[in-house]
Amino acid sequence: MQIIPVDDFDLVIFGATGDLASRKIFPGLFRRWLAGQMPSTSRIIGAARTDIDSAEFRTSLRETMAKFATKEIEDTEAFEAFLANIDYISIDATGDKGWKPLAELLRPNVIRAFYLSVGPSIFGAIAENLVQHKCADRNSRIVVEKPFGRDLESAQILNAELRAHFKEDQIYRIDHYLGKETVQNLMAIRFANALFEPLWNAQHIDHVQITVAEDIGVAGRGGYYDKSGAMRDMVQNHLMQLLCLVAMEPPSQFEADAVRDEKLKVIRSLATVPRRDIVRGQYRAGAGEESYITHSENPSSSTESYVALRVEVENWRWAGTPFYLRTGKRLRARATEIAVMFKEPPHSIFGKENKLPANALIIHLQPDEGITLNMTIKEPGPGGMRMMEVPLDMTFAEALGDAADFPDAYERLIMDVIRGNQTLFMRGDEVEAAWTWADQIIEKFSENALKPSQYDPLSSGPEESLALMHRDGRRWRDIE
Ligand code: BG6
């Protein structure tokens, strides 16, 4: 695999003692270090409220990395060299403490990036302090995690707070789905192959199914989740991004604003979703597991852990081809896929008894990345022409061998920040448009008729979700 090293940088991680930093950011950075992508002089500065020094922080990293990067840290020499480039500053995000030492620690003439792995309520204060204490200048980058607001209004406030101190071309809003290998491959499949694009429209595609199913529940993070729900936690961001990449027009080039302009047009073309096209669910107890109500510690919770939608993209390309989206916790399996379901052949020359299945292109994102094209062939053997469906299957791990060792989404995204490439980050107007669309759905939740239906753990979700498809004479693909 070709590795192109990035330029020298100082990366400050706010929330350095938090969960995301321990699980994803530091292990991801270490993998990039091992891959030789980070210059040996590059530095990482952890910043958090906890009152410890750099040596103590490195000790705590040794412990967390033993959990989340078990295999990688076996290379003890490399791990110690990596740790030697890490400092820590105890900082008060909203006060004065720690800012002067931070400014003194930062080197001139290298790229500066500030990763805010903290709650959105302190984005504004950190942005202000960074500029006021001369830690950040016009060339610095600021990275913010989701949730980017909980509705249009709060997202607008966050955008205004960031833009008061940084220009849009310095702001990197993370949606980690955009860093996933197959999500980017979706653009390659569409725009690097002449095969699909002529068929990629309502004339040939019957409908599209986007599924992000998780088998885990919300135990351990029920407090956050109960205030959010599947619509805010997954649909407004991750599923929306997948939908955009399937539905967008070809950008003129693979460049940040060209790509984001096209995605924005898709979001703005989305129709208002009527109540009958919205299904909400909440998992009950079963299969030896507790219910959502128990996990969220809120006995009267009416937050959804599952949502299914029938969505229409009102533009020339897609009029008449619905997009069905669904996501949920505690479902049958962890499975993320995009299924592009083509129309049935217009006429069977093989007789009425030979119903011809429609072709389908399935893009598998998780757990195994790959592509399947369902084709119809003749059933082998004598006795006439009977048709059968067979998958033309390509699992990337098999097809690519060692080259299929993809970097994790966070690793890729952080390296893109250092390179100054915003293609895989959400622009402010895109986030606001996504909230405008999501808000009209969330507003309908407050109506009694849209209380979540209960579903069994390890099932495919609530019955109503099946009915959403049956009504249109279609069915969901199995979650497996
Ligand atoms: C996060 C959500 O953004 O994405 C979680 O907050 C969800 O609820 C997670 O579990 C799923 O990400 P992935 O990469 O495991 O599909």
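The values are calculated or read from the model by the stated rules, or taken from the named source; none is laboratory data. On a predicted model such as this, the values are computed, not experimentally measured, just so you know. Cβ sites come from the backbone with ideal geometry, for glycine too, and all protein chains shown count toward neighbours. In case anyone asks, the SASA skips ligands and DNA or RNA and just uses the protein heavy atoms, side chains included. Shrake-Rupley method; radii C 1.70, N 1.55, O 1.52, S 1.80 Å.
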Go over the candidates ASN139, ASN193, ASN159 one by one and state the one that is in contact (Cβ under 8 Å) with a residue 24 or more places away in the chain, more than 19 Å from the chain's Cα centre (by Cα) and closer than 30 Å to ASN315 by Cβ.
ASN159
What are the residue pairs meeting all of these: first residue in segment 250-270, first residue assigned to a helix (DSSP H, G or I) and polar (S, T, N, Q), second residue open to solvent by less than 20 Å² (accessible area, probe 1.4 Å) and modelled with pLDDT of 95 or more, Cβ atoms under 9 Å, and 6 or more apart or on different chains?
SER269/ALA247; SER269/VAL313; SER269/TRP318
May I ask you to verify whether ILE363 is touching a His at 6+ places or on another chain (Cβ under 9 Å) and within 16 Å of the ligand (Cβ to nearest atom)?
no
Considering only segment 243-291, state which residues are at pLDDT below 95 and aliphatic (A, V, I, L, M).
ALA287
Could you check how many residues of segment 223-236 are closer than 19 Å to THR272 by Cα and either open to solvent by less than 10 Å² (accessible area, probe 1.4 Å) or away from the ligand (no atom under 11 Å from the Cβ) (or both)?
3
Please go through segment 197-222 and pick out each residue that is part of a loop (DSSP other than H, G, I, E, B), away from the ligand (no atom under 13 Å from the Cβ) and open to solvent by 30 Å² or more (accessible area, probe 1.4 Å).
ASN201, GLN203, HIS204
Pull up segment 146-181, narrow it to residues that are out of contact with any Phe, Trp or Tyr (no Cβ under 8 Å at 6 or more places or on another chain) and within 16 Å of the ligand (Cβ to nearest atom), then point me to the one that is farthest from GLU255 (Cα to Cα).
ARG150
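May I ask you to verify whether ASP169 is crowded, with 18+ Cβ neighbours inside 10 Å and acidic (Asp, Glu)?
no
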Restricting attention to segment 309-352, report how many residues are more than 16 Å from the ligand (Cβ to nearest atom), surrounded by 18 or more Cβ atoms within 10 Å (Cβ to Cβ) and aliphatic (A, V, I, L, M).
6
Within segment 309-318, does at least one residue satisfy the condition of being of a type in the set (D, E, K, R) and part of a strand (DSSP E or B)?
yes
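Residues that are within 29 Å of the chain's Cα centre (by Cα) and touching a residue at least 12 places away in the same chain (Cβ under 8 Å): which helices (runs of 4 or more DSSP H) entirely in segment 11-130 hold 1 or more of them?
Working: elements: 26-34, 54-68, 76-84, 99-105.
Because the criterion is at least 1 residues that are within 29 Å of the chain's Cα centre (by Cα) and touching a residue at least 12 places away in the same chain (Cβ under 8 Å), the helices (runs of 4 or more DSSP H) in segment 11-130 that meet it are 26-34, 54-68, 76-84.
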